[in-house]
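**Q** First the structure, then my questions, so here it is.
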Amino acid sequence: MHHCPIYLHRIPHSGYDSQDIFVEAHIAKLQTCFEGALPHVGLLPSVIAEGLEVIYQQKGWQLTDKGRNSEIESRQFPTMDDFYVAVEKVLKERGDQGEVKSNLEAAIKGRIKPLLMGSKGLMFSRPISQPNAEELFSHPVILEMNDLNEQDKSLLVMFFLTMLREYRLF
């Protein structure tokens, strides 16, 4: 049996090896992952949605891009660090005030920033993803997540299910 930590250098996806998945569809799946795994706090879902769009656009992606071609292959994929910076920026630009702003700031710092710390930070901050989707899904794998809290487990499982769906579809 082979033991290997999982490193995801970007917000998970696997469908870009295919010609058939739009960036917009992938972003919608990621939004579902975050919304399903993190408690809803006020307008946090809309900040997450805006943040996801922002990070892909900052890396040169268009919502209508799909598949791989020579122009797209040179683009980088966003990381969880990029996402955290983007949601902070979105929050500042929205101009929310008072309790709404305080609640959103607390949600971002309390729910998204911890994904950048400790073993979770290491998992989402590597220069390469390891194992890749094919290695992960082509044979039986056990994901050991005992040391993660329930929200982190939920998010990670949703990311893996999204990766699996994109991998199997294409």
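**Q** Could you please find all residues in the range 57-75 being at pLDDT below 90 and assigned to a helix (DSSP H, G or I)?
**A** Ser70, Glu71, Ile72, Glu73
**Q** Now for a separate question. In this structure, is Lys120 modelled with pLDDT under 90, outside any loop (DSSP other than H, G, I, E, B), touching an Asp or Glu at 6+ places or on another chain (Cβ under 8 Å) and not aromatic (Phe, Trp, Tyr)?
**A** yes
**Q** Mind counting the residues in the range 97-108 that are of a type in the set (D, E, K, R) and in contact with an Asp or Glu (Cβ under 9 Å, 6 or more places away or on another chain)? Walk me through how you get there before you give the answer.
**A** Step one: filter the range 97-108 for residues of a type in the set (D, E, K, R), giving 99, 101, 105.
After this cut, where a residue has to be in contact with an Asp or Glu (Cβ under 9 Å, 6 or more places away or on another chain) as well, the list is 105.
The number of residues fulfilling the criteria is 1.
**Q** Moving to a separate point now. Take the residues of the range 76-104 that are surrounded by 15 or more Cβ atoms within 10 Å (Cβ to Cβ) and more than 17 Å from Gln31 (Cα to Cα): which is modelled with the highest pLDDT?
**A** Result: Lys89.
The values are calculated or read from the model by the stated rules, or taken from the named source; none is laboratory data. Bear in mind that the values here come from a model prediction, so they are computed numbers and not experimental data. Methodologically, a virtual Cβ is constructed for each residue, glycine included, from the backbone with ideal geometry; neighbour enumeration extends over all protein chains shown.
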